[in-house]
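Enquirer: I am attaching a structure below and will ask some questions about it afterwards.
Just so it is clear, none of the values below were taken in a lab; they were calculated from the coordinates. Just so we're clear, the structure is a prediction, and the values are computed from it rather than from any experiment. Glycine gets a Cβ as well: all are built from the backbone with ideal geometry, and neighbour counts include every protein chain shown.
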């Protein structure tokens, strides 16, 4: 099996109701980290400040992605796992 076919087969978003675990994905981007968690059955909730990235997340994954810039006052939903990615890319 070619690599792309294998990835597309193994990384299918699904929710395992028996697992019953939720992942909170901060700085979610297009959902690459969430895809890994969804592929093994976690529910995901993303937070991303860029609408295009959040829309890609919502299109390709089962979880929702909120378009919001995070700060110290942000309130988050309950989650069993918290993950976060950060692309160190500054626009000047």
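Enquirer: Taking the chain as a Gaussian network, where each spring joins two C-alpha atoms under 10 Å apart, which residue of 25, 16, 71 fluctuates the most?
Expert: 71
Enquirer: With the chain treated as a Gaussian network of Cα nodes joined by springs under 10 Å, which of 18, 60, 73 yields the largest mean-square fluctuation?
Expert: Checking each option, the largest mean-square fluctuation is seen for 73.
Enquirer: Another question about this same structure. Pulled fully out, how much extra length does the chain show between residue 8 and residue 68, if you take 0.36 nm times their separation in residues and subtract their Cα-Cα distance? Please list the in-between numbers first.
Expert: Values: separation 60, 0.36 × 60 = 21.60 nm, distance 2.92 nm.
Fully extending the segment from residue 8 to residue 68 adds 18.7 nm.
Enquirer: Rounded to the nearest 500, what is the 222 nm mean residue ellipticity of the chain from helices alone, with -39500 (n - 2.57) per DSSP H run of 4+ residues and division by all residues? Intermediate results must be reported in sequence, preceding the final value.
Expert: Numbers: 3 runs with 26 residues, N = 92.
So the calculated ellipticity at 222 nm is -8000 deg cm²/dmol.
Enquirer: Fewest Cβ neighbours within 10 Å first, please rank 12, 17 accordingly. Walk me through the numbers on the way to the answer.
Expert: On the way: 12 11, 17 7.
If I rank by nearby Cβ atoms, fewest first, I get 17, 12.
Enquirer: Taking only Cα atoms, what is the 0 to 90° angle, nearest 10, from helix 51-60's long axis to the longest principal axis of the chain?
Expert: 20 degrees
Enquirer: Something else now. Note the full-extension length gain between residue 15 and residue 51 as 0.36 nm times their separation in residues minus their Cα-Cα distance, in nm to one decimal. Present the calculation step by step, with values, prior to reporting the outcome.
Expert: On the way: separation 36, 0.36 × 36 = 12.96 nm, distance 2.43 nm.
Value of the extension gain: 10.5 nm.
Enquirer: For the chain, how big is the tail of P(r) above 19 Å, as a whole percent of Cα pairs?
Expert: On the way: 1700 of 4186 pairs.
Summing the P(r) of the chain above 19 Å gives 41 percent of all pairs.
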